[in-house]
Amino acid sequence: RGGLAERLCRLQNRERSAISFWRHQCISDDKIPSDKSGVLIVKILEIFEECTIQVAICQQLEQSPATLSPEDAVINAEEPIVKVLFTRETAAHLKGKPQDVIHIYPPWQKLLLQNSDVPVIMNTYFSQKVIRSEHSEPREKTYGLTKMLIRKNIISLAETFRLDDLDDQLHQESSDNQVPYAPQTHHNSDSKQHPSALSAVNDSLLEMVESQGAVGWREVQVRVVIQRVYCLPAREGSRSHAQGNKPLCAAPVVNSDPPNVRLCLLVQDAYGMFSEVQLQSLSSTDDIEQYCRRWEGKSCCLAGMKILQRTTRGRALGLFSLIDSLWPPVVPVKVPGQSQDSEMMTTNLPPPSFCYILTVQSGEIHVEVDEEEQLSNLYQPPAVHGLKEILRIDGWNERCSFWAQVLYRRLQTKHSVPIDQREMLLFVTDSTLQNVVHGIPKVVAVSVTASCVLSVEIMEALSAGSRLVFFKDALWGNGRIICVERTVLLLQKPLLCSAAGADLSELTGPVRLDELDSTTQANSVCALRGTVVGVNESTAFSWPTCNRCGNGKLELCPQDRKLLYCNQCSEVVTTPVLKMQLEVFLSCPSRSQSAVKVKVWHEITLFVLLTTLLFLQTYEVQSVLGKEVGLLNCYVHSVTSHPNCVALEEIVLL
């Protein structure tokens, strides 16, 4: 409040209001303001556009009546030709054309340049075009077409930063960089299929954006390095365009209902600037692993791109946390405005503050990856750390990569949230945690958000049993590891990754969990031992399940109401499996002041023990009291202090 930005905004609002009021007054009076003091009268000779500003080369006229025809206006030979700058809004209001006479009212300003004899007229918001006489209407119609043909001068960043100096060596280097590049890929080798491959290759994303604009890059391409490959959930109705006759995904469609996800690349140019390129929707999320292996670290040429969005650090924290993990570059990068000799390159640069989101245009070849090429020196592979090292990181929103054994997975049960939008908890461990005596948990929870795209292969592997999973670019902060957008889970270790001295040895012995104690928190897993002190008979219940598929929602058979019917198998269930649930209260030495309530299910250790004892004692609850149990693997539902109670559920590890 009260800062420069707010004051500038207030000033701009007042300026716009003043201009609108002045134009409205001119239209209402249906005449040019009578006060001619300080009015600059010019006749347009030529018009072109440069950097969104309309530049008019004009001849200054003598102070003449407004009724004077432009053709009869007297040209003052002593006054030099002036260059008048109009903003886009002012130019759209004037609709100026060659031979038009413009009255520019104060407070216009004249700028005298050192190396130019032509003055520049600025601050031309209060301008009005002289209405022509009736006999010039045919000419007006002829010039009416010129507004569609205004020339645009493209000013490159090399010219802006004076990179194209007269040094012969630098000029030769610049010429070498403009050699057409036609990469060979596995899919294509015929240059006729790649018209863009015949054009000059640039190495600056920012220069492409500046020179080509947001409409798209047609005849130029920019060479970049692919730092990361990942999938993002595609927004509704924003499916990518088709990729012409050469789709990037060569794998057959394995799912009749393909996931609504989009293949994305995080690329970096020679100047260190990043950009996210959103490609086509994938037919299968399993394709992400092959693209990671084939494309990451390789150089590629982008063509036919268009700007989807310019985003900043405050708008896209997730994207910039990934960019920050790749900064500073591993090799020196070029610096705009400096000579590009190797000794002038530096890595002592601030991290990027903005990033362009690019997308493809239909009907063109967009990405040319040279898969046969060596890995780029600019590529930064994921730095793999042990979980113990990650838990000791003090940063906030830090990206981390690790290799861990998944022991248990659990879908968060929030009934108000659809199943496909719920978070999933994966409980993982590695050798660095299992070898710790105390102070650090032996198992940590990894929260997988709905925005993190998981492949079908990962989901099937986790359903089948415990697996080693590579977590690439997960987010660490506030004591939690979270898989968010741009996090990739793989079953195979990347061919190239930086271990940074971490202990990545695989687990050899049985997995140990932390025992329940005073530090145990909710939504964690632990080992439990104790003595049975009670059974909650009021909450115990049983239900029949299908002996073939395990479906617990059986119905009465329509033909025979005495039999059960399974909708999933579409068959009658003659021998259902009876499942039960019990709640047992334990006394635990590690939490002697707390009531420990454990929910047990059919076919789990504690349940089998209790039901066996109950059957032997003809269902007498007293027969199980005082029995010792453990170690049991449990999931902690809640930990409360009033009342002092811990609610757990016995689980089976993968």
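Nothing in this text is a laboratory measurement; each read-out follows from the coordinates by a stated rule. Everything numeric in this text was worked out from a predicted model, so none of it was measured. So basically every Cβ, Gly included, is an ideal-geometry build from the backbone, and we count neighbours across all protein chains shown.
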Checklist line | Point-to-point label distance, residue 99-residue 24, nm (Cα→Cβ direction, 7 Å offset) | finding: 3.6 nm
Notebook entry, point to check: Amide H of residue 648: which non-local residues (sequence gap of 5 or more, or other chain) have their own amide H closer than 5 Å, using H built in the peptide plane?
Noted result: 597, 598, 599, 637
Notebook entry, point to check: Under a plain spin-label model, where a point goes 7 Å from the Cα along Cα-to-Cβ, how far apart in nm are residue 131 and residue 112?
Noted result: 3.9 nm
Check: Rounded to the nearest 0.05, what FRET efficiency is calculated for residue 581 and residue 315 with R0 set to 41 Å and r the Cβ-Cβ distance?
Finding: 0.30
Check: Residue by residue, what Karplus-based ³J(HN,Hα) values in Hz, rounded to whole numbers, does region 220-228 have, using 6.51, -1.76 and 1.60 with θ = phi - 60° and x for Gly and Pro?
Finding: 10, 9, 10, 9, 9, 10, 7, 8, 9
Notebook entry, point to check: Can you give the extra length, in nm with one decimal, that the chain gains between residue 601 and residue 161 once fully stretched, where that is 0.36 nm per residue apart less the Cα-Cα distance?
Noted result: 151.3 nm
Check: Cβ under 11 Å from residue 645's Cβ, residue 645 left aside: what net charge do those residues give with Lys, Arg +1 and Asp, Glu -1?
Finding: +2
Check: Counting only residues 5 or more places away or on other chains, whose amide H sits under 5 Å from the amide H of residue 407 once H atoms are built in the peptide plane?
Finding: 427, 428, 429
Margin query: Taking R0 as 30 Å, what FRET efficiency do you get between residue 203 and residue 324 from their Cβ-Cβ distance, rounded to the nearest 0.05?
Written below: 0.85
Next item on the list: Please give the peptides 641-650, 381-390, 220-229 ranked by average Cβ packing (other Cβ atoms within 10 Å per residue), highest first, as a rough proxy for protection.
Entry: 220-229, 381-390, 641-650
Notebook entry, point to check: What list of ³J(HN,Hα) couplings, whole Hz, do you get for region 540-547 from phi and the Karplus terms 6.51, -1.76, 1.60, once you set θ to phi - 60° and write x for glycine and proline?
Noted result: 6, 8, 9, 8, x, 10, 5, 6
Next item on the list: Please tell me which of these pairs span more than 30 angstrom C-alpha to C-alpha: 442/627; 152/306; 553/599; 298/472; 553/597; 298/442?
Entry: 298/442
Notebook entry, point to check: Dividing the convex hull volume of the Cα atoms of region 533-583 by its residue count, what figure in Å³ per residue is obtained?
Noted result: 88 Å³
Notebook entry, point to check: Which cross-chain or sequence-distant (5 or more) residues have an amide H under 5 Å from the amide H of residue 423, H modelled 1.01 Å from N in plane?
Noted result: 412
Check: In the P(r) worked out for region 387-490, what percent of Cα pairs fall beyond 20 Å?
Finding: 37 percent
Next item on the list: Determine the dipole magnitude for region 387-490: charges of +1 sit on the beta-carbon of Lys and Arg, -1 on that of Asp and Glu, nothing else is charged, the reference point is the Cα centre, and the result goes in debye to the nearest 20.
Entry: 240 debye
Notebook entry, point to check: Summing Lys, Arg as +1 and Asp, Glu as -1, what charge do residues with Cβ under 11 Å from the Cβ of residue 355 carry, residue 355 excluded?
Noted result: +2
Next item on the list: Mind ranking 320-329, 12-21 by how tightly packed they are, going by the mean number of other C-beta atoms within 10 angstrom, highest first?
Entry: 320-329, 12-21
Notebook entry, point to check: Roughly speaking, what is the stretch gain from residue 1 to residue 89, that is 0.36 nm per residue apart minus the C-alpha to C-alpha distance, in nm to one decimal?
Noted result: 28.8 nm
Next item on the list: Give the residues of region 419-451 whose amide nitrogen is closer than 18 Å to a point set 7 Å from the Cα of residue 553 in the direction of its Cβ.
Entry: 419-422
Next item on the list: Step through the residues of region 49-56 one at a time and calculate ³J(HN,Hα) from phi using the Karplus curve (6.51 cos²θ - 1.76 cosθ + 1.60, θ = phi - 60°), rounding each to whole Hz and writing x for Gly and Pro.
Entry: 10, 8, 6, 6, 9, 8, 9, 10
